[in-house]
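J.: The structure follows.
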């Protein structure tokens with residue numbers, strides 16, 4: 001089936017509805033003249049997720065529904081297709097899409113924006129696929145929260161010390177922003193939750209952070225990375241640098257430094273890689289699989305294809321020669337308006353502009369009232385002041401006024417009320433009770 005464009009209108013096809021896809025589409029819809037072009041967004045999810053808040057969602061500080069923005073609700077003037085772009089025929093300018101209904105759709109386009117983002121970078125570690133939890137989606141964040149609280153329930157209800165130790169051992173692999181923020185937020189939540197249990201104390205829990213490099217939070221600089229590690233260690237979190245996980249088969253974690261432990265909770269945040277479907281787009285890719293782009297965000301050798309965000313290697317004109325913009329939300333959000341303006345300029349026969357953006361710094365939340373930040377590469381904040389800046393910055397970047405208000409209301413209520421530590425582990429398999437009740441007695445074994 002072919003979804004034809006409106007007659008006499010060029011189609012701008014956006015593959016991906018994340019930061020770049022959503023913000024680019026919003027700006028295009030705002031600036032396009034009436035009847036000038038149609039905008040089509042294709043994404044397997046019908047919503048955009050604000051990823052920096054996943055650790056806070058895992059800790060229950062932000063409601064999961066407030067981390068997402070409906071693509072159809074925000075992009076009212078665009079065609080939104082829920083599906084996967086499986087391949088692109090660049091010669092005929094047609095994208096082949098597999099829809100959520102299982103149909104195959106052909107989308108002709110005049111301009112293609114590649115904004116597929118990234119996926120978790122994994123390695124062939126025994127047991128990883130079976131037992132680890134990622135942190136790339138709101139579903140994973142909520143699953144982690146429910147899982148951790150279920151382990152506290154399990155530990156409180158057993159007299160077997162081996163079972164209890166395994167339930168209360170939490171291993172996090174990856175010392176970047178995702179890993180550090182997630183372990184800090186989850187430890188904070190578990191510490192609060194333990195007060196409600198008779199047989200579980202914080203001292204019974206074991207939190208382990210594993211990082212293959214020589215320091216954590218490398219974007220923060222050496223001194224703030226060391227300060228953060230010391231603060232985590234002061235909270236009872238074990239931090240192992242220059243260490244990798246060799247196996248987690250049967251939930252038995254083996255580290256390269258000789259440490260071994262049973263753990264019911266293994267969280268994988270060891271980096272990301274570009275979406276592998278890019279191999280089917282017929283575009284030039286860099287050494288790590290990113291789309292090779294010019295400073296104008298045009299794909300090299302393709303004047304009608306554009307890319308930005310995690311799946312693109314964009315030259316960093318504000319950095320050293322040969323440097324690329326890091327794949328983070330800060331650059332993705334700022335690349336989107338430049339990309340949209342350049343697509344409009346190309347449509348109108350005008351010159352395009354290069355993307356140039358100086359690093360504003362970095363912020364990381366380490367639990368309630370705890371954080372670390374570096375602003376404009378020179379102002380360093382620690383503790384409560386950094387935590388406030390982290391919240392103000394990311395709160396301001398959440399798409400739509402509706403979501404901004406909801407997030408700030410969540411935070412305001414959390415400052416007045418006791419933390420909610422209810423885990424809904426049944427959400428993992430919601431139909432099991434009904435299935436059991438509906439099964440005829442003779443069929444039960």
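J.: What tally of residues in the stretch 235-284 results from selecting those that are closer than 30 Å to residue 302 by Cβ and either touching a residue at least 24 places away in the same chain (Cβ under 8 Å) or assigned by TED's automatic domain parsing to the domain that holds residue 143 (or both)? Lay out the reasoning, then the answer.
T.: Taking the stretch 235-284 first, the residues closer than 30 Å to residue 302 by Cβ are 271-284.
Applying the additional criterion that residues be either touching a residue at least 24 places away in the same chain (Cβ under 8 Å) or assigned by TED's automatic domain parsing to the domain that holds residue 143 (or both) yields 271-278, 280-283.
Result for the stretch 235-284: 12.
J.: Now for a separate question. So is residue 243 part of a strand (DSSP E or B) and surrounded by fewer than 21 Cβ atoms within 10 Å (Cβ to Cβ) or not? Explain how you work it out, then say what you get.
T.: Numbers: part of a strand (DSSP E or B): no; surrounded by fewer than 21 Cβ atoms within 10 Å (Cβ to Cβ): yes.
Here the answer is no, as residue 243 does not meet what is asked.
J.: Just give me the residues in the stretch 354-381 being crowded, with 16+ Cβ neighbours inside 10 Å, free of Cβ contacts under 8 Å to residues at least 24 places away in the same chain and closer than 18 Å to residue 316 by Cβ, in sequence order.
T.: Passing the criteria: only 361.
J.: Does residue 322 fit the bill of being more than 22 Å from the chain's Cα centre (by Cα), at positive phi and either assigned to a strand (DSSP E or B) or without any contact (Cβ under 8 Å) to a residue 60 or more places away in the chain (or both)?
T.: Against the criterion (more than 22 Å from the chain's Cα centre (by Cα), at positive phi and either assigned to a strand (DSSP E or B) or without any contact (Cβ under 8 Å) to a residue 60 or more places away in the chain (or both)), residue 322 qualifies.
J.: Can you list residue pairs whose Cβ atoms sit under 6 Å apart, with the first residue in the stretch 70-91 being in contact (Cβ under 8 Å) with a residue 24 or more places away in the chain and in the same structural domain as residue 279 (by TED's automatic domain parsing) and the second being in a helix (DSSP H, G or I) and surrounded by fewer than 18 Cβ atoms within 10 Å (Cβ to Cβ)? Count only pairs 6 or more apart in sequence or on different chains.
T.: From residues that are in contact (Cβ under 8 Å) with a residue 24 or more places away in the chain and in the same structural domain as residue 279 (by TED's automatic domain parsing), the pairs are 77/29; 80/72; 87/280.
J.: Every residue in the stretch 31-43 that is surrounded by fewer than 15 Cβ atoms within 10 Å (Cβ to Cβ) and touching a residue at least 40 places away in the same chain (Cβ under 8 Å), please.
T.: 31, 36
J.: Here are some residues: 277, 186. Which one is closer than 21 Å to residue 124 by Cα and either within 23 Å of the chain's Cα centre (by Cα) or crowded, with 21+ Cβ neighbours inside 10 Å (or both)?
T.: Of 277, 186, the one residue that is closer than 21 Å to residue 124 by Cα and either within 23 Å of the chain's Cα centre (by Cα) or crowded, with 21+ Cβ neighbours inside 10 Å (or both) is 277.
J.: Provide a single number: the residues in the stretch 1-19 that are in contact with a helix residue (DSSP H, G or I) (Cβ under 6 Å, 6 or more places away or on another chain) and modelled with pLDDT under 95.
T.: 2
J.: Filter the stretch 290-303 for residues that are in contact with a strand residue (DSSP E or B) (Cβ under 8 Å, 6 or more places away or on another chain) and surrounded by fewer than 16 Cβ atoms within 10 Å (Cβ to Cβ) and give the result.
T.: 300
The rows are residues; the columns are (1) closer than 30 Å to residue 10 by Cα; (2) at pLDDT 95 or above; (3) touching a strand residue (DSSP E or B) at 6+ places or on another chain (Cβ under 6 Å).
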residue: 105; (1), (2), (3): yes, no, yes
residue: 117; (1), (2), (3): yes, no, no
residue: 129; (1), (2), (3): no, no, no
residue: 138; (1), (2), (3): no, no, yes
residue: 155; (1), (2), (3): no, yes, no
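The values are calculated or read from the model by the stated rules, or taken from the named source; none is laboratory data. None of these values were measured; they are calculated from a predicted model. Because the Cβ atoms are built from the backbone with ideal geometry, glycine has one as well, and the counts that use them run over all protein chains shown.
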